[in-house]
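To start, the structure under review is shown below, and the notes come after it.
Bear in mind that the values in this text are calculations on the coordinates, not laboratory data. Fair warning: this is a prediction, and the values are worked out from it, not measured in the lab. FYI the Cβ positions are ideal-geometry reconstructions off the backbone, even for glycines, and counts take in every protein chain you see.
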């Protein structure tokens, strides 16, 4: 197709009816469904505005007789390049069509709308989208919203997410290690809570990163002040803590424990009605009653070799009761019914100026951390299910390092934790429970559960498997952004889904230093320049280690 130098600048009729000049990028040469391609104009006709439009993820437009169609740049190619490359080489551009402005009967452009009803024709000129175009496409939504940053294409334009869609239909923050996930989560939550001071957020923090980021607006829960009585465990969770996890006696131990727990609950009821009790009913009971029932049943046996499962249970419970690390679950005071207190603190009811609960899991013994997460997640959902719908408390649960709890392999991880999170993903929105997943390994997370997250914040990703995984989760209109994932700067992300009007590449707003999560990445260069460490410091660490005190 010959280039028409005299059309390097054409006139378009914007919404207001005024005539505006638009630089030329090229011409449409192919249209197929939601995709199109074009041949670029000669280089000597290019301006800075055209150069900016020839970038992956840039927005361009094509004027038709009845509309202006908008597209995202998805690829750039030199066809049969010369050696060395020549300015006369044919260059092509690949586009993903995503929206349009129709021309009304008065000859003026209507408001922007997603989807395309009038497709470009072959030979139609391609132009850069103007700041006015971008401002209209990414205008502040009428629905409740928060600002999170600015558009990559024009830093003067703010970027918004719609609060109810973003929270009510779940979200995920995905990105490689060091891409800024923790800062992104902090910015999102602080922005939401700044506009909604009576929020209810529970953040599972496996590395004690977030306490510094939220300060006085957070209720910090750790093993020093956590109360999670053993009787809150359901049967599966109790088995994971109190019985062997394998071996020839595991099944026998489960049967013994089931009967003992139900008997201990009935004993503790002291004559109160117990017909509604099940093995999973969260009512207080005494460990002493549990052990007494186990011993009583063991005494009924005639063969000594059958005492193995009973002894294993007794020894395990005694070990837990005497281990300081498990005091938050097995202390002597755990018989008291503190379930309303536990839930009130966890869910921030009343808020009292602290709308977010940060659960620091770094001090929880590794062998039961999955059980603790399972209990917390299950309690949040069960509380919502049994709440009066008219008086329910909308709650957001944010799971850091989500791949630990809901791995792609259904046989990996702790099954009760996986089920508890899966239930919230599938049914939580019906009961006012929202889910936020954060992971640096999106390809290792359950695709079924991630698919329930209808707003995605995709940060830098260099791993091909992760990119392919995210690509499957993105809508067709966002495919033009995929190529940018490995090249995103820190503090940048591709945002797609129900929480935003259109897929967009954003630069997040700056977080003040005092509101940033604490990074535990050690500087080897700096650390190895310091020669002040001595035996006293080693002795101090050993002392804290032995006392299990941070």
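Key figures
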item: Potential extension, residue 462-residue 529 segment - 0.36 nm per residue separation minus Cα distance; result: 21.0 nm
item: In nm, spacing of pseudo-spin labels at residue 319 and residue 472 (7 Å Cα→C-beta vector); result: 4.0 nm
item: Estimated distance in nm for a label pair at residue 388 and residue 331, the labels positioned 7 Å out from Cα along Cα-to-Cβ; result: 3.4 nm
item: Proxy reagent accessibility, fewest Cβ within 10 Å first, across 421, 358, 368; result: 368, 358, 421
item: Rounded tilt (10° steps) of 250-268 against the dominant C-alpha axis of the chain; result: 70 degrees
item: Additional length obtainable on full extension of the chain from residue 250 to residue 86, 0.36 nm per residue less Cα span; result: 51.7 nm
item: Additional length obtainable on full extension of the chain from residue 296 to residue 272, 0.36 nm per residue less Cα span; result: 6.3 nm
item: Estimated 222 nm signal from helices in the chain, with DSSP H stretches of n ≥ 4 weighted -39500 (n - 2.57), rounded to 500; result: -9000 deg cm²/dmol
item: Simple label model, 7 Å out from Cα along Cβ direction - residue 143 to residue 212, nm; result: 3.6 nm
item: Ranked list, fewest to most other Cβ atoms within 10 Å of each Cβ, for 78, 39; result: 78, 39
